[in-house]
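The values are calculated or read from the model by the stated rules, or taken from the named source; none is laboratory data. Remember, predicted model here, so these are calculated numbers, not experimental data. A quick note on method: Cβ atoms are made from the backbone with ideal geometry, for glycine too, and the neighbour counts reach across all protein chains shown.
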């Protein structure tokens with residue numbers, strides 16, 4: 001069924017929404033009993049489930065709480081991957097072919113900057129790598145302004161939607177794999193009630209349904225889309241970034257928690273008396289009531305504290321191996337302070353840590369670049385709606401390339417030396433710029449003047 005058949009064939013609102021919800025791709029669910037939330041949120045891990053790992057009820061009815069230790073490595077993996085992708089902000093490289101396109105490139109980049117696109121990228125990468133899908137909706141409000149470098153009747157905004165926020169995303173594709181509709185279901189509070197909404201976006205139409213009147217779905221907005229394209233971008237992945245490593249995390253948690261129980265039970269020192277006669281004990285008074293303690297034992301007996309000699313090395317080895325396996329399988333570096341401190345390396349060696357991670361970013365960048373390229377086209381369409389028709393041909397023809405640079409440790413000194421060598425040994429920045437970058441001068445002009453005066457005095461002084 002085509003999108004025109006869904007929207008124009010006289011179907012009831014409920015039937016239209018059901019057809020738009022026919023998701024052709026398989027994406028893991030976020031909520032539910034087996035959703036990704038139960039892996040992402042350490043509070044929902046098996047070790048926290050009292051049905052699987054109950055507390056101990058004593059004979060007298062008291063409850064002894066067992067040790068429950070969680071590791072949020074799934075969240076850490078999500079943050080690590082996002083940092084690798086966005087630690088160095090995504091760049092848009094414009095290649096204008098004339099002065100008009102050069103002017104338009106500045107306008108488009110200003111739109112991205114005013115919408116804080118770097119922060120948007122961080123947020124949606126976290127949503128993509130954890131929730132497996134994200135949608136960014138671009139919209140305009142009527143407000144005349146000049147913040148983008150030209151007089152615009154519209155102000156542009158963007159907003160992210162994700163299952164992690166309680167949203168439901170439904171892309172619809174034709175037989176060639178091209179997106180023909182993008183829908184989102186969400187709830188909002190209105191006058192103390194929770195109201196469900198469902199928005200469908202196509203290249204030429206936007207329809208919003210609501211169940212506010214508790215009489216089923218009904219259309220509350222139906223407007224034409226003058227952009228000629230869906231004003232949103234959608235990205236998904238078949239698995240979360242931690243893939244199939246949650247069982248490793250759960251095993252670490254079980255191991256640490258069970259060992260914690262043994263430690264609590266056996267780490268208390270025991271005072272033992274070795275004697276052939278029976279020794280009375282247990283009548284000692286509180287330390288606040290006695291200023292000294294006197295003990296008397298038969299001649300030849302001995303007394304000493306005995307502590308539990310636990311084999312901790314095996315436990316450390318087991319947990320360390322599981323943790324290393326987690327990061328190795330995901331091609332992510334372990335940047336923890338303890339890990340870096342335990343392996344002293346040179347700066348060049350530390351750069352080698354990022355080789356596997358850089359390959360991981362390259363592997364993930366395909367779907368991201370595709371999403372960013374579509375987003376540039378959406379912003380171009382909004383720019384066309386704000387400028388005269390004489391600009392439209394150049395907007396469409398302006399080449400824009402999105403570049404993702406994997407984060408890595410860099411040495412600024414090495415970078416400067418390489419650039420200076422490539423520049424034939426010539427300076428890369430001016431004297432003024434170096435003083436400004438140093439940041440210790442409150443008046444750069446005065447500092448330069450004093451330096452010039454000192455150099456003039458040195459030149460006048462006779463050389464011995």
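For (1) in contact (Cβ under 8 Å) with a residue 40 or more places away in the chain; (2) assigned by TED's automatic domain parsing to the domain that holds residue 118; (3) assigned to a helix (DSSP H, G or I); (4) surrounded by fewer than 13 Cβ atoms within 10 Å (Cβ to Cβ), each residue gets a yes or a no:
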| position | (1), (2), (3), (4) |
| --- | --- |
| 394 | yes, yes, yes, no |
| 413 | no, no, yes, yes |
| 421 | no, no, yes, yes |
| 424 | no, no, no, yes |
For the range 113-134, state whether one or more residues are crowded, with 21+ Cβ neighbours inside 10 Å and part of a strand (DSSP E or B).
-> yes
When residue 300 is run through (1) at pLDDT 75 or above; (2) surrounded by 12 or more Cβ atoms within 10 Å (Cβ to Cβ), the failure sits at (2)
Scope the range 19-53; condition in a helix (DSSP H, G or I) and either surrounded by 13 or more Cβ atoms within 10 Å (Cβ to Cβ) or in contact with a helix residue (DSSP H, G or I) (Cβ under 9 Å, 6 or more places away or on another chain) (or both); matching residues | 19, 20, 37, 38, 39, 40, 42, 44, 46, 47, 48
Is at least one residue of the range 43-61 free of Cβ contacts under 8 Å to residues at least 24 places away in the same chain and within 30 Å of residue 408 (Cα to Cα)?
-> no
Need at least 3 residues that are more than 20 Å from residue 25 (Cβ to Cβ) per element, so show me which strands (runs of 3 or more DSSP E) inside the range 161-222 make the cut, counting only ones lying wholly within it.
-> 179-190, 193-201, 205-210
Only one of (1) out of contact with any helix residue (DSSP H, G or I) (no Cβ under 9 Å at 6 or more places or on another chain); (2) under 30 Å from residue 381 (Cα atoms) does not apply to residue 417, and that is (2)
Is one or more of the residues making up the range 117-137 over 30 Å from residue 330 (Cβ atoms) and either without any contact (Cβ under 8 Å) to a residue 40 or more places away in the chain or touching a helix residue (DSSP H, G or I) at 6+ places or on another chain (Cβ under 7 Å) (or both)?
-> no
Residue in the range 238-258 that is in the same structural domain as residue 56 (by TED's automatic domain parsing), crowded, with 17+ Cβ neighbours inside 10 Å and under 30 Å from residue 6 (Cβ atoms) present = no
